[in-house]
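The values are calculated or read from the model by the stated rules, or taken from the named source; none is laboratory data. Please read these numbers as outputs of a predicted model, since none were measured by experiment. Glycine also receives a Cβ, built like all others from the backbone with ideal geometry; neighbour counts cover every protein chain displayed. Just so you know, the surface numbers come from the protein's heavy atoms only, side chains and all, with ligands and any DNA or RNA stripped out. Shrake-Rupley method; radii C 1.70, N 1.55, O 1.52, S 1.80 Å.
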Protein chains: 4
Amino acid sequence: MVGGSGYTGAELLRLLSGHPEIEVVHVTADTNAGARIADLFPSLAPVVGEERFAPFAVADLTGLDLVFTALPHGASQLLIPEMLERVAHVVDLGADFRLPADVYERWYGERHAAPELVDRFAYGMVELYRDEIGGREHIAVPGCYPTAVSIALAPLVADRSVELRGLVANAMSGVSGAGRTLKTTSLFSEANENVSAYGLLTHRHTAEMEQALSKVARRDVEVLFTPHLVPTTRGILATCYARPATPGLSTARLLEHYREFYANDPCVVVVDEPSGTKATYGANVVHVTVRFDARTDTVLAIAAEDNLTKGASGQAIQAANLVLGLPETTGLPLVGVAP
Amino acid sequence: MVGGSGYTGAELLRLLSGHPEIEVVHVTADTNAGARIADLFPSLAPVVGEERFAPFAVADLTGLDLVFTALPHGASQLLIPEMLERVAHVVDLGADFRLPADVYERWYGERHAAPELVDRFAYGMVELYRDEIGGREHIAVPGCYPTAVSIALAPLVADRSVELRGLVANAMSGVSGAGRTLKTTSLFSEANENVSAYGLLTHRHTAEMEQALSKVARRDVEVLFTPHLVPTTRGILATCYARPATPGLSTARLLEHYREFYANDPCVVVVDEPSGTKATYGANVVHVTVRFDARTDTVLAIAAEDNLTKGASGQAIQAANLVLGLPETTGLPLVGVAP
Amino acid sequence: MVGGSGYTGAELLRLLSGHPEIEVVHVTADTNAGARIADLFPSLAPVVGEERFAPFAVADLTGLDLVFTALPHGASQLLIPEMLERVAHVVDLGADFRLPADVYERWYGERHAAPELVDRFAYGMVELYRDEIGGREHIAVPGCYPTAVSIALAPLVADRSVELRGLVANAMSGVSGAGRTLKTTSLFSEANENVSAYGLLTHRHTAEMEQALSKVARRDVEVLFTPHLVPTTRGILATCYARPATPGLSTARLLEHYREFYANDPCVVVVDEPSGTKATYGANVVHVTVRFDARTDTVLAIAAEDNLTKGASGQAIQAANLVLGLPETTGLPLVGVAP
Amino acid sequence: MVGGSGYTGAELLRLLSGHPEIEVVHVTADTNAGARIADLFPSLAPVVGEERFAPFAVADLTGLDLVFTALPHGASQLLIPEMLERVAHVVDLGADFRLPADVYERWYGERHAAPELVDRFAYGMVELYRDEIGGREHIAVPGCYPTAVSIALAPLVADRSVELRGLVANAMSGVSGAGRTLKTTSLFSEANENVSAYGLLTHRHTAEMEQALSKVARRDVEVLFTPHLVPTTRGILATCYARPATPGLSTARLLEHYREFYANDPCVVVVDEPSGTKATYGANVVHVTVRFDARTDTVLAIAAEDNLTKGASGQAIQAANLVLGLPETTGLPLVGVAP
């Protein structure tokens, strides 16, 4: 694992400690290289003992079956090119290989250092990209928000029961989504007893949502995405609004449609009443529900997930399982830690 | 004060303890009658001493200048009729006199016991109903959500710069909005580390929002309202979406329009960047901002408030100040307790 | 499982969903009998499907290998007597069979209905009672606070390096320790942004701590226990103070002593720096550390655990594993869900 | 005000916005000089308008009646010497002038730059140092923990009803006590759902507690202080343990003694049942209670306060009021913002 000292790294180590088929043999960190893993993450003490973060050296990875990379965006595209020759599979949790290079450059405002490699990565949202994942060696793990929003809206755009323009994705995330980086807005005293909107109109995850939903719809889909910060550590709730494109919608029929759409997806649970995020705490699962409001002629779809598990490290393992030929839920809890 | 043992009652007592012109002479409670106020609310110990909640007896109110009633909906309409003959002004924090009786009956699903009295109450949202408040003796204090949503959207519907149908009000509230009543969803272990949607499509506050905005627009306005429960004690953030009805919108022009619209409202602050709810903690203030997204042709308006202060007890005092001929901010803090 | 609709019941179902050797075949509830399990605990939706809580009927338990009972204190002693003839092992999470009947009656202030059965139960704190657990058929699972406090202090009293009188156990617990019962102090708006002491001088768990530590010391041990409520859902931190009874103590020697004392206990981790409770979130583990302060001649021992896991349902499974002849950590996570 | 961009600075500005006799004319910041105050602290928007933090220049302070300094420890002793010639009163919220220089140097591990000035500062804990405050020009505002602990224990050591050695102060603080500085332990995702002990045996506030209590006892008092971090923004709860030095103690007599001891202190409320910290939220008040446990022969004293108000900025204003000849509670709320 490369970049194991952030929250997604810690979550990977937690989940992999219970994975029967994947053995963690090497964990690197950048500024934390040399530190005891258990000093940074005491929760891991029972399994990591005295193990320390190694400095990154590409040679150390040679011959590994699979490498998870959990790096800030921009960093993966610099380190990954030489990895690809040495390891069978790279599962990258960063943003660098999720989008075509030109789209990446537009939303991230910087040139892509390895545009020619993007095509070797499948977008690791298993439910919507299972076909692609089977055919590529490497995985770009989706962002946390796009996972919740795409799973909430995919059944609606798949059969074009809603307009593909003017979709609204209003989402709330726990603070761990901002990572372990030191910034004022992530301080407890700032985030606690506080709810705030941020990244208005321009949040980069918009591009991923539009890409995933456009693939499902086989046409361009347009999403206005508004993220909010709420005082939880984990959890994303996405409440999405769409205008019907076909007559005769009803909540009952939509729920039935969702159940069929996700019938073969063990990590998606379609629920009658909207689940809170806590139902998914620490679990690799999305709970989703849907409503049709005849009064205002609007469709409402709501998804809950844990941003660090299904929204990041759990989903990474789910995709890695497929790449390794394992059942997709191998080693992954589906029951949230609640209350 | 009638019904002082709930959260809005406690907040009234807190705010009135610093009010230079209103003296609290009598506080009643129902099941808590006889209890020391400081036992229920230790925060009030420095000002209430050994004072106890009195049982309700209408005769005890005779001759008072003003009575605040903080009762569950349905209860006010039973107790208030005989009060009206005995006190100069009633300021009711419940839902019973906010809506015309027929609208009340449709949304609350029960007959109104005193429909002939509704017209004697002004809707106490000072910013939008200042004219009415001047002319009536009694006040129906608005609900917490309608305050935030109406203040967020009023400038947009006032000049019809947006479509009046299909407005979306997506709001998040702290748990105190559910009051001190014992219910499972209000337990700490259920609400903490949790975000959930509730009351989908049918929340009763919808009627108030539509009423207030229709008054401002002088036409029928339609709102789809989705409330969410977030793990804060106080605070409502309303993120609202509208479709433009006029060309040439821009964020700069909208912000300017909001500043003009609220130029004479000391309890509304128009901010460039969206404030979090914590900026309003314990204060009688709404922070509001607005955006135009040219990419998706959508207008976004965001308001933050404290549901117990500007959303309830503070607003009650703000309206009471007007009724008593005082400056509207008398005794009301505008600076939030932050961090 | 009898009494599966409280928090310890839900935690048992979560943990058992990943247990390779225990299959849950029957779950009862009292007032919630007939309800879908997933409606009460949406987190369990992926594993319980449409399953409902059954009403309690002792006949339904006949022939089971093991029954977990998670009932309010007082209730177990009424239901368990007839169970004992029908099932091989009862693992009771309540307080009824933890103490000798006379001690129970003194601290709980009520007569014990089945005093003759107490001796058939071993106290299920595996680390200190492993010998007893091997020799009895039934288990009384320790309380949450006694687990943390006893594990913190046991090494000190075992070799009498501290005075056995005047021990102070100052502990903080998350709100889930009060269960799913509706009470005002468990409301989010009361518990959030609040820290308070309660149960001063007389908390019933004192008796368990003194019993467990007296067994280890083979002499009477006296503890002053002060619990506090802190705004977390899960987690107990016990900070304990003792006066040295022997010269020559040092932090280094004490840490070494603790490591030896718990060398064969996979669910206890002795750490150099004090872990926070979050390191144990959802895990069946206690983190413990110790200090000697030469300046004030005091020994300090600190333990962290999850009150619902190691403090209740996880510990129940740990003891059940022993009773069933399985390795004690079978099916139990040791890594906390952090951050 | 010098150093207004931290949390104690923001709290000063909030409290002073409601102070009838103190007008804020100048606010400086260091790294935030030039920033709009309302950008850092949106809660202050209604009162600061477009005002910006000024860079520090001692000349700008010349002639002011009173300057509050809210600087990191070590910084005050560098800036204050030249201020003392230019302003009538300095009220310093840092640690630099609270202790005799030699004690400061021992606990803070660094030389004091202005030891000759320490005597010109009174220790600003009004309840225990009212006499000194009257006679000196400048104030060193006590630390947050020493305020709670000293007020909890002072009545016990004043009449030597307890042993002066072996006092234990076990305290819990909200995260704002660590200030607005960026550090990992202050991140929401680290602090939330977490309780942890820190600063074991050596926390610097120990010296202040011992100094204040020794003054009251007129003999050396020794305290073992253990601070804990709990997931609240504000609030300190100190639970203190002492051994009786006199026979015949009882809870009733101790409560009576506390009531007499604090009879003339409007900012101390002696309560029968222990208040939680929330009762003091945003208020300049300490709630305190006491117990005698005959079973273990121990005295227990518990104090609750808001670390930013009575524990810092409120207490600063309380002392400033005295220095300015105003009633000590001028402009200070005593009712906590609860729930």
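So C:Gly314 clears everything in (1) under 15 Å from the mean Cα position of the chain (by Cα); (2) farther than 27 Å from C:Ser17 by Cβ except one condition, right? Which one?
Only one criterion is unmet by C:Gly314, namely (2).
Can you report the number of residues in the stretch B:168-190 which are facing chain A (nearest Cβ under 7 Å) and either of a type in the set (S, T, N, Q) or under 22 Å from the mean Cα position of the chain (by Cα) (or both)?
Qualifying residue count, the stretch B:168-190: 4.
Residues in the stretch C:191-205: is at least one acidic (Asp, Glu), touching a Ser or Thr at 6+ places or on another chain (Cβ under 9 Å), within 11 Å of chain D (Cβ to nearest Cβ) and open to solvent by less than 30 Å² (accessible area, probe 1.4 Å)?
Initially, the stretch C:191-205 is screened for residues acidic (Asp, Glu), giving C:193.
In the following step, the residues that additionally are touching a Ser or Thr at 6+ places or on another chain (Cβ under 9 Å) were identified as C:193.
With the extra rule that they be within 11 Å of chain D (Cβ to nearest Cβ), the set shrinks to C:193.
Okay, now just the ones that are also open to solvent by less than 30 Å² (accessible area, probe 1.4 Å), so C:193.
Within the stretch C:191-205 (the criterion being acidic (Asp, Glu), touching a Ser or Thr at 6+ places or on another chain (Cβ under 9 Å), within 11 Å of chain D (Cβ to nearest Cβ) and open to solvent by less than 30 Å² (accessible area, probe 1.4 Å)), the answer is yes, since at least one residue qualifies.
Residues of the stretch B:33-61 being part of a loop (DSSP other than H, G, I, E, B) and under 30 Å from D:Val288 (Cβ atoms), which ones?
Just the residues of the stretch B:33-61 that are part of a loop (DSSP other than H, G, I, E, B), to begin with: B:33-35, B:41, B:49-51, B:53, B:55-57.
Result: B:Ala33, B:Gly34, B:Ala35, B:Phe41, B:Gly49, B:Glu50, B:Glu51, B:Phe53.
Name every residue in the stretch C:206-235 that is open to solvent by 10 Å² or more (accessible area, probe 1.4 Å), assigned to a loop (DSSP other than H, G, I, E, B) and facing another protein chain (nearest Cβ under 9 Å), in order of residue number.
Hit for the stretch C:206-235 is C:Glu222, nothing else.
Could you identify the single residue in B:Leu71, B:Leu64 that is in a loop (DSSP other than H, G, I, E, B), open to solvent by less than 50 Å² (accessible area, probe 1.4 Å) and touching a residue at least 60 places away in the same chain (Cβ under 8 Å)? Outline the logic, then answer.
Working: B:Leu64 fails: touching a residue at least 60 places away in the same chain (Cβ under 8 Å).
The unique qualifying residue is B:Leu71.
Looking at the stretch D:255-279, which of the residues that are touching a residue at least 24 places away in the same chain (Cβ under 8 Å) and within 10 Å of chain C (Cβ to nearest Cβ) is nearest to B:Ala338 (Cα to Cα)?
D:Lys278
Output the residues belonging to the stretch C:278-292 that are over 16 Å from C:Ser150 (Cα atoms) and hydrophobic (A, V, I, L, M, F, W, C).
The answer is C:Ala279, C:Ala283, C:Phe292.
Please verify whether the stretch D:36-43 includes one or more residues that are among the β-branched types (Val, Ile, Thr) and either within 11 Å of chain B (Cβ to nearest Cβ) or within 25 Å of D:His138 (Cβ to Cβ) (or both).
Initial filter on the stretch D:36-43 (among the β-branched types (Val, Ile, Thr)): D:37.
Pick out the ones that are also either within 11 Å of chain B (Cβ to nearest Cβ) or within 25 Å of D:His138 (Cβ to Cβ) (or both) and you get none.
No.
Being open to solvent by less than 10 Å² (accessible area, probe 1.4 Å), modelled with pLDDT of 95 or more and closer than 29 Å to C:Ala169 by Cβ is the requirement here; does D:Thr289 meet it? Before the answer, list the steps.
Values: open to solvent by less than 10 Å² (accessible area, probe 1.4 Å): yes; modelled with pLDDT of 95 or more: yes; closer than 29 Å to C:Ala169 by Cβ: yes.
Criteria met by D:Thr289.
Among the residues of the stretch B:21-60, what is the count of those that are within 25 Å of the chain's Cα centre (by Cα) and closer than 18 Å to B:Tyr7 by Cβ? Please lay out each step first, then the result.
First, the residues of the stretch B:21-60 that are within 25 Å of the chain's Cα centre (by Cα): B:21-32, B:37, B:40-44, B:53, B:56.
Within this subset, residues satisfying the condition of being closer than 18 Å to B:Tyr7 by Cβ are B:24, B:27-32, B:37, B:40-44, B:53.
Looking only at that region, the number is 14.
Yes or no: A:Ala113 outside any loop (DSSP other than H, G, I, E, B) and open to solvent by 20 Å² or more (accessible area, probe 1.4 Å)? Don't jump to the end; show me each part of the working.
On the way: outside any loop (DSSP other than H, G, I, E, B): no; open to solvent by 20 Å² or more (accessible area, probe 1.4 Å): yes.
No, not satisfied.
Condition (residue is assigned to a helix (DSSP H, G or I) and open to solvent by 20 Å² or more (accessible area, probe 1.4 Å)) applied to the stretch D:84-97: is it met by at least one residue?
The initial filter retains those residues of the stretch D:84-97 that are assigned to a helix (DSSP H, G or I), namely none.
No, the stretch D:84-97 contains no residue that is assigned to a helix (DSSP H, G or I) and open to solvent by 20 Å² or more (accessible area, probe 1.4 Å).
May I ask you to verify whether B:Gly34 is at positive phi and small (Gly, Ala, Ser)? Quick ask: steps written out before the conclusion?
Numbers: at positive phi: yes; small (Gly, Ala, Ser): yes.
So B:Gly34 fits the description; yes.
Whether any residue in the stretch D:109-130 is charged (D, E, K, R), in the same structural domain as D:Met83 (by TED's automatic domain parsing) and under 18 Å from the mean Cα position of the chain (by Cα) is what I want to check.
Looking only at the stretch D:109-130, we keep the residues that are charged (D, E, K, R), and these are D:110-111, D:116, D:119-120, D:127, D:130.
Retained after the next criterion (residues that are in the same structural domain as D:Met83 (by TED's automatic domain parsing)): D:110-111, D:116, D:119-120, D:127, D:130.
Next, only the ones that are under 18 Å from the mean Cα position of the chain (by Cα) stay: D:127, D:130.
Scanning the stretch D:109-130 turns up at least one residue that is charged (D, E, K, R), in the same structural domain as D:Met83 (by TED's automatic domain parsing) and under 18 Å from the mean Cα position of the chain (by Cα).
Can you find a residue that is open to solvent by less than 10 Å² (accessible area, probe 1.4 Å) and closer than 30 Å to D:Gly331 by Cβ anywhere in the stretch B:249-260?
Scanning the stretch B:249-260 turns up no residue that is open to solvent by less than 10 Å² (accessible area, probe 1.4 Å) and closer than 30 Å to D:Gly331 by Cβ.
Of the numbered conditions (1) open to solvent by 10 Å² or more (accessible area, probe 1.4 Å); (2) under 20 Å from the mean Cα position of the chain (by Cα); (3) among the aromatic types (Phe, Trp, Tyr), C:Tyr281 satisfies every one except a single condition; which is it?
Of (1) open to solvent by 10 Å² or more (accessible area, probe 1.4 Å); (2) under 20 Å from the mean Cα position of the chain (by Cα); (3) among the aromatic types (Phe, Trp, Tyr), only one is false for C:Tyr281: (1).
Looking only at the stretch B:120-138, decide whether some residue is of a type in the set (Val, Ile, Thr), open to solvent by less than 10 Å² (accessible area, probe 1.4 Å) and closer than 21 Å to B:Ala217 by Cα. Write out each step before concluding.
So the first thing to find is which residues in the stretch B:120-138 are of a type in the set (Val, Ile, Thr), and the list is B:126, B:133.
Adding the requirement that they be open to solvent by less than 10 Å² (accessible area, probe 1.4 Å) leaves B:126, B:133.
Retained after the next criterion (residues that are closer than 21 Å to B:Ala217 by Cα): B:126, B:133.
Yes, that holds for at least one residue.
Specify the residue that is nearest to the other protein chains (Cβ to nearest Cβ); the eligible residues are those in the stretch A:280-300 that are polar (S, T, N, Q) and in contact (Cβ under 8 Å) with a residue 40 or more places away in the chain.
The first filter runs over the stretch A:280-300 and keeps only residues polar (S, T, N, Q), leaving A:280, A:284, A:289, A:296, A:298.
Within this subset, residues satisfying the condition of being in contact (Cβ under 8 Å) with a residue 40 or more places away in the chain are A:280, A:284, A:298.
On the way: A:Thr280: 7, A:Asn284: 10, A:Thr298: 5 Å.
Among those residues, the one meeting the criterion is A:Thr298.
So which residues in the stretch D:15-32 are in contact (Cβ under 8 Å) with a residue 60 or more places away in the chain, of a type outside the set (Gly, Ala, Ser) and part of a loop (DSSP other than H, G, I, E, B)? Even if it seems obvious, please write down each step before you answer.
Step one: filter the stretch D:15-32 for residues in contact (Cβ under 8 Å) with a residue 60 or more places away in the chain, giving D:15-16, D:18-22.
Retained after the next criterion (residues that are of a type outside the set (Gly, Ala, Ser)): D:15-16, D:19-22.
Residues satisfying the conditions are D:His19, D:Pro20, D:Glu21, D:Ile22.
Just need a number here: residues in the stretch B:123-166 that are in contact with a His (Cβ under 7 Å, 6 or more places away or on another chain) and either within 14 Å of chain A (Cβ to nearest Cβ) or part of a strand (DSSP E or B) (or both).
If we filter the stretch B:123-166 for residues that are in contact with a His (Cβ under 7 Å, 6 or more places away or on another chain), which is where we start, we get B:137-138, B:143, B:145-146, B:155.
Those left that are additionally either within 14 Å of chain A (Cβ to nearest Cβ) or part of a strand (DSSP E or B) (or both): B:138, B:145.
Of the residues in the stretch B:123-166, 2 are in contact with a His (Cβ under 7 Å, 6 or more places away or on another chain) and either within 14 Å of chain A (Cβ to nearest Cβ) or part of a strand (DSSP E or B) (or both).
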